[in-house]
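Here the structure comes first, spelled out in structure tokens, and everything after it is commentary.
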Amino acid sequence: MQSFFERSIEFLKGVGPQRAVLLNKELNIFKYGDLLQHYPFRYEDRTKFYKVNQIREEQPFIQIVGKFISFQKIGDGRKQRLVGIFGDETGTIELVWFQGIKWVLERVRTGVPYVVFGKPTRFGSKYNIAHPEVEPVSERSKQGAYLHPVYHTSEKLKRKFIDSKTISKMMKMLLVDAVNHIHETLPPHILQQYHLMDKKSAVVQIHFPKTSQDLQKARYRLKFEELFYIQLRLLKLKITRIDSFPGIRFDNSELLNTYYKEHLPFELTDAQKRVVKEIYQDFRSGKQMNRLVQGDVGSGKTMVAFLSMLIAISNGTQCAFMAPTEILAEQHYKGLKEYADLLGIHIARLTGSSKKSERKVIDQMLQSGDLPIVVGTHALLEDKVKFNNLGLAVIDEQHRFGVAQRARLWKKGNNAYPHVLVMTATPIPRTLAMTLYGDLDISVIDQLPAGRKPIKTYHMRDSHRLKMFGFIEKEIAKGRQVYIVYPLIEESSTLDLKDLMDGYESISRRFPDLQLSIVHGKMKPEDKEWEMQRFVKHETKIMVATTVIEVGVNVPNASIMVIENAERFGLSQLHQLRGRVGRGAEQSFCILMTGNKLTTEAKTRIQTMVDTTDGFKIAEVDLKLRGPGDLMGTQQSGLMDLMISDLGKDTEILKLARSVASNVLNADPELKSPENNLIRRQVDAQRKGTVNWSRIS
Ligand code: ADP
Ligand code: MG
């Protein structure tokens, strides 16, 4: 039998086929359950009443009780407006209509008490409210005090008269029946212990709260539930993986030892040593490793990956090293080749632009097992790439690889699942990591190699451009190289490209004797590569670029990063870009150029960059400012279709949900005990793919 929540929204009274199509397209609402989970994004307070003399400009929507004293039409034709003088015993205010004047005049009378509701704006020394809601006091008092839900809609929906009010009417209609179908989804022992509101009340109260306390409890309950089931799923996944995915046991570390003794180019940091140890422990456990290594830019993740690969190769298996772009794959290939050559280990690269003949040779060698390391892009994931014995897959800069891609990699092993090492320089706050990658084990390289001088960061206004030019001129005279980066936002890329080109022009005029490089996303890969190489070889002193240089590029002599229009970048991107410098022995600088006018948020971002170089601190601020949505490819993770929780703000609930989920699973891994019946049913329903709305039924 089809559950109530699976019924098509079309059949809800007042919706019908046409509106249903609109709701599908604009709000992703297909079923009753989808509508129920279309939660209000804010509420208007209809619990308090204000006096006219209490009105302040900064107030949101307010309610006032009073009477109309007079109405007056002002102006003619299309510019006509209606002004009603409305007052209580403390004063008067103007209510203004630009449309529906006739309608108002026909219905609203002077001398009768009304409740008006709207947002006051200041007009000279007076306040007015445009297009207020007006309700006779007799009507309004039937409803009592409440919070009025405000729902997201779209311009298109509004044009078709589906505004927040219409949705709230649909919701009321739906809830009348829905309350008979909503069942509890959390067991009594959890509800009691954590004082959670019951499910039915929570769903009703989230849409039509009587008081803000009710609203708060309803929200808390729904957020807890959402996060609890995500954590439970992740923790279960982890348990299943450990139990049922045997990994290849790597006991031999011969090559690692040789390399360590004879070729290691520098002393490892303690953090690197610790992480290598953690990885080796996984390798020896006989279970498949799925480990995320987080380490700030420049913390030396590549070496950790290389050492891990040496262990895999010592045990007769092959390694795949995957980078997010061709440029990076190329750079990693060259870097790793230098290391590997010392041990006589064969290494090849495979990208989308590899020549057919090259490819054929590589494919053969991979299948015969004669190629121990292949470095490449996502081209490595293609089905036709077959390994003889893949033992370890390293994924650099994971935020572009999701769970699905990881799963494809797992399939590439023929006897057992290959170990997976994911590396990221986008530091993720623990809370978020727990949710996004709760099924991964996490290692952190929380230390930079010794001798690095912290990068000095300055904020400069565009008006001080000449000073900035003077500064980089001096540094170049000392033999350093400079990056100057321009934002490139996809949609307006021609415009941005013009910014970049104009910038390039003015830099060439200012430094006529210097060789410059330019790199941007619209260039052919060969041209990009050629320009990069000129910079790498010190032939050019300034690299003018878009964010294509964001990840991975390594030119230790480049010690200055100038970021133009820095206010247009997100924090994590600024941090990534800054990480391109500070890799050599010299003092490095980052100069953030901005316009004179900045939003509060932009100021916070810039100030954060000036104040700290700690990627984790920056990530915390970023998460608070933006929410987790943009932080990384969260959509891909398939876990982030959060209906109500906000990972940036609901940290405490998340921690609680995780610890409760973990306690439940520790005590009852199979969820067999009767007291966990509800949980098991819920988890089963989710597994069947009835994910979203099934949380309600
Ligand atoms: P990331 O973690 O950003 O990927 P890399 O692996 O590219 O960092 O390392 C950055 C630079 O630091 C490289 O030039 C690398 O050779 C160097 N490096 C890595 N580990 C150490 C270390 N322990 N001591 C000195 N230099 C190191
Ligand atoms: Mg790297």
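The values are calculated or read from the model by the stated rules, or taken from the named source; none is laboratory data. This is a predicted model, so every value here is computed, not measured. With ideal geometry, Cβ positions are generated from the backbone for all residues, glycine too; neighbour counts draw on all protein chains shown. Ligands, DNA and RNA are stripped out before the accessible areas are found, and what is left, the full protein with its side chains, is counted by its heavy atoms. Shrake-Rupley method; radii C 1.70, N 1.55, O 1.52, S 1.80 Å.
Per-structure values
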{"quantity": "Qualifying residue in region 143-156 (condition: of a type in the set (Phe, Trp, Tyr), in contact with a helix residue (DSSP H, G or I) (Cβ under 6 Å, 6 or more places away or on another chain) and at negative phi)", "calculated": "yes"}
{"quantity": "Condition broken by GLY84, with the remaining ones in (1) open to solvent by 50 Å² or more (accessible area, probe 1.4 Å); (2) closer than 18 Å to PHE117 by Cβ satisfied", "calculated": "(1)"}
{"quantity": "Qualifying residue in region 190-211 (condition: open to solvent by 60 Å² or more (accessible area, probe 1.4 Å), closer than 22 Å to LEU147 by Cα and among the aromatic types (Phe, Trp, Tyr))", "calculated": "no"}
{"quantity": "Residue check for LEU328: within 15 Å of ligand 1 (Cβ to nearest atom), modelled with pLDDT of 95 or more and either outside the structural domain of ALA545 (by TED's automatic domain parsing) or not basic (Lys, Arg) (or both)", "calculated": "no"}
{"quantity": "Sole residue being away from ligand 2 (no atom under 16 Å from the Cβ) and either farther than 30 Å from SER201 by Cα or among the basic types (Lys, Arg) (or both), chosen from THR269, THR258", "calculated": "THR258"}
{"quantity": "Criterion: away from ligand 2 (no atom under 16 Å from the Cβ), within 19 Å of the chain's Cα centre (by Cα) and surrounded by fewer than 20 Cβ atoms within 10 Å (Cβ to Cβ) - qualifying residue of ARG605, ARG568", "calculated": "ARG568"}
{"quantity": "Yes/no for ASP646 being closer than 26 Å to ASN28 by Cα, open to solvent by 40 Å² or more (accessible area, probe 1.4 Å) and modelled with pLDDT under 90", "calculated": "yes"}
{"quantity": "Strands (runs of 3 or more DSSP E) wholly inside region 1-112 containing at least 3 residues that are under 28 Å from ASN180 (Cα atoms)", "calculated": "42-46"}
{"quantity": "Failed item, numbered, when HIS131 is tested on (1) free of Cβ contacts under 8 Å to residues at least 40 places away in the same chain; (2) within 27 Å of ASP214 (Cβ to Cβ)", "calculated": "(2)"}
{"quantity": "Residue that is open to solvent by 10 Å² or more (accessible area, probe 1.4 Å), touching a residue at least 60 places away in the same chain (Cβ under 8 Å) and more than 10 Å from ligand 2 (Cβ to nearest atom), where the choices are SER314, SER308", "calculated": "SER314"}
{"quantity": "Top-ranked residue of region 317-347 - restricted to ones that are under 19 Å from HIS378 (Cβ atoms), open to solvent by 20 Å² or more (accessible area, probe 1.4 Å) and outside any loop (DSSP other than H, G, I, E, B), ranked as farthest from ligand 2 (Cβ to nearest atom)", "calculated": "GLU326"}
{"quantity": "Test: LEU174 is at pLDDT 95 or above, farther than 19 Å from LEU671 by Cβ and assigned by TED's automatic domain parsing to the domain that holds TYR39", "calculated": "yes"}
{"quantity": "Pick from region 363-396, criterion touching a residue at least 24 places away in the same chain (Cβ under 8 Å) and assigned to a helix (DSSP H, G or I), ranking: farthest from ligand 1 (Cβ to nearest atom)", "calculated": "LEU366"}
{"quantity": "Test: MET289 is within 16 Å of ligand 1 (Cβ to nearest atom), under 28 Å from ILE239 (Cα atoms), in contact (Cβ under 8 Å) with a residue 40 or more places away in the chain and touching a strand residue (DSSP E or B) at 6+ places or on another chain (Cβ under 6 Å)", "calculated": "no"}
{"quantity": "Residue count for region 87-109, restricted to those that are open to solvent by 70 Å² or more (accessible area, probe 1.4 Å) and among the β-branched types (Val, Ile, Thr)", "calculated": "1"}
{"quantity": "Matching residues, region 285-303, being near ligand 2 (Cβ under 9 Å from one of its atoms) and among the small types (Gly, Ala, Ser)", "calculated": "GLY295, GLY298, SER299, GLY300"}
{"quantity": "Test: residue in region 26-35 that is surrounded by fewer than 14 Cβ atoms within 10 Å (Cβ to Cβ) and of a type outside the set (Asp, Glu)", "calculated": "yes"}
{"quantity": "Some residue of region 442-460 being open to solvent by 40 Å² or more (accessible area, probe 1.4 Å), without any contact (Cβ under 8 Å) to a residue 40 or more places away in the chain, outside the structural domain of LYS277 (by TED's automatic domain parsing) and within 25 Å of the chain's Cα centre (by Cα)", "calculated": "no"}
{"quantity": "Any chance ILE129 is within 30 Å of GLN59 (Cβ to Cβ), hydrophobic (A, V, I, L, M, F, W, C), open to solvent by less than 40 Å² (accessible area, probe 1.4 Å) and not in a helix (DSSP H, G or I)", "calculated": "yes"}
{"quantity": "Residue in region 285-307 that is touching a Ser or Thr at 6+ places or on another chain (Cβ under 6 Å) and assigned to a helix (DSSP H, G or I) present", "calculated": "no"}
{"quantity": "Subset of region 515-539 (residues that are assigned to a loop (DSSP other than H, G, I, E, B), open to solvent by 50 Å² or more (accessible area, probe 1.4 Å) and within 20 Å of ALA558 (Cα to Cα))", "calculated": "GLN515, LYS537, HIS538, GLU539"}
{"quantity": "Number of positions in region 134-171 that are among the aromatic types (Phe, Trp, Tyr) and in a helix (DSSP H, G or I)", "calculated": "0"}
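Here's the yes/no breakdown for (1) over 13 Å from LEU307 (Cα atoms); (2) open to solvent by less than 30 Å² (accessible area, probe 1.4 Å):
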residue: LEU256; (1), (2): no, yes
residue: TYR259; (1), (2): no, yes
residue: LEU264; (1), (2): no, no
residue: SER285; (1), (2): yes, no
